[in-house]
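The structure appears right after this line, and notes come after that.
The values are calculated or read from the model by the stated rules, or taken from the named source; none is laboratory data. Keep in mind it's a predicted model, so treat the numbers as computed, not measured. Backbone-built Cβ (ideal geometry, glycine too); neighbour counts: all protein chains shown. All accessible areas refer to the heavy atoms of the entire protein, side chains included, with ligands and DNA or RNA removed. Shrake-Rupley method; radii C 1.70, N 1.55, O 1.52, S 1.80 Å.
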Amino acid sequence: NCKEEENHEIATFWNRPVKVKMHMRPPPPYHKIPSQVRGKLLRKPGTDIKQLKLERESDPDWSPVLTSAISFADSLKHGACGHDPIELDVYSYSILMNACINRGSLWRAMHILDEVMPANGIEPDIVSYNILLIGLARVGDVPTMRDYFRQLISDGLTPTKETIEAVVDGLLNLGDVVSAVSFCQDSFNQYSVLPPYTTHIKIIEFSLARGLVYEAKRHVFFIQQLWKWKPNKYHSEEFCKLMELTQKNPNLSKEALQKLFAYFGEKLEESDFF
């Protein structure tokens with residue numbers, strides 16, 4: 001028999017709590033993770049030629065679609081179609097970076113941000129960094145992700161909710177729940193920025209599914225701090241609105257959090273709230 005207890009609706013099977021667990025997928029092949037191949041020569045498939053990863057991704061046969069997109073952008077700069085030369089701006093380069101990310105060309109995206117944009121007098125903005133961080137998060141390349149996060153801070157940029165979401169996703173993809181919880185809290189304390197509410201739920205789900213109940217409760221404690229947050233004269237109207245929406249979000253309410261814990265066979269007691 002399978003039934004649910006009325007108290008916190010914990011599912012049971014033969015009077016035993018059902019524990020929902022999660023198994024991590026294997027990581028991507030090492031050659032897709034920039035930090036794993038930095039400075040290393042990789043053999044080009046079907047040949048004895050060895051190349052750096054950026055050189056390999058720059059080959060026309062790496063991705064015909066990506067090659068066409070970058071060639072078209074270059075033609076605009078030279079007025080190849082009879083028009084006046086068009087200078088690409090930060091938005092244009094960000095679009096090219098996004099194309100690189102979607103074709104699995106992380107090194108080329110990094111090259112655009114680190115080399116191409118500065119060479120053309122363009123300063124990457126937070127959107128450019130977010131695009132790159134999202135790509136790095138997909139393969140769980142936390143070392144490179146952290147380098148670029150520090151770089152955007154040193155460039156005087158302010159992280160956005162997309163920035164925090166990307167970094168947390170990368171940490172969770174690597175299975176580092178502890179760092180994900182800490183980073184989310186530190187970002188709020190240092191930069192007054194929060195990820196989307198779904199990131200909070202994801203952190204708790206990952207924690208519970210991997211048996212890290214303490215980390216799940218640590219993040220619940222942080223959410224309670226958000227409930228009790230009060231604005232002051234230094235907070236912008238936009239940030240105050242974000243905090244108000246977060247505090248009133250029914251998916252982050254006490255009842256919703258208790259139900260989430262119960263789904264994973266754990267209890268969120270009254271003593272866990274302050």
Simple Cβ-charge dipole of segment 25-104, Lys/Arg +1 and Asp/Glu -1, about Cα centre, in debye nearest 20: 700 debye
Accessible area expressed per residue, the chain, with surrounding protein chains retained (probe 1.4 Å, Å²): 57 Å²
Dipole of segment 194-253 [Lys/Arg +1, Asp/Glu -1 at C-beta], most positive-end residue of H219, Y197, L245: H219
Distance in nm between pseudo-label sites at H31 and C240 (7 Å out along the Cβ direction from Cα): 5.6 nm
Helix axis angle, 254-263 relative to the chain longest principal axis, alpha carbon, degrees: 80 degrees
Cα pair distances of segment 97-254 binned at 10 Å [whole percent]: 10, 38, 32, 17, 3, 0
15 Å Cα-Cα reach of K19 towards aspartates and glutamates, excluding residues that sit fewer than 8 places from it in its own chain: E4, E5, E9, E205, E266
Percentage, to the nearest whole number, of Cα pairs in segment 166-259 over 17 Å apart: 48 percent
Cβ crowding within 10 Å averaged over residues, with 95-101, 221-227, 162-168, 23-29 ranked highest first: 162-168, 95-101, 221-227, 23-29
Cα centroid separation, segment 173-189 to segment 33-111 (Å): 32 Å
Nearest-ten-degree value, helix 197-209 long axis tilted from longest Cα axis of the chain: 70 degrees
Over the chain: helical MRE at 222 nm, DSSP H runs n ≥ 4 each giving -39500 (n - 2.57), nearest 500: -16500 deg cm²/dmol
Cross-link table K230/K267; K32/K217; K230/K254; K21/K248; K44/K77; K32/K259, entries beyond 27 Å C-alpha to C-alpha: K230/K267; K32/K217; K21/K248; K44/K77; K32/K259
Lys, Arg +1 and Asp, Glu -1 on Cβ, resulting dipole of the chain about Cα centre, debye, nearest 20: 900 debye
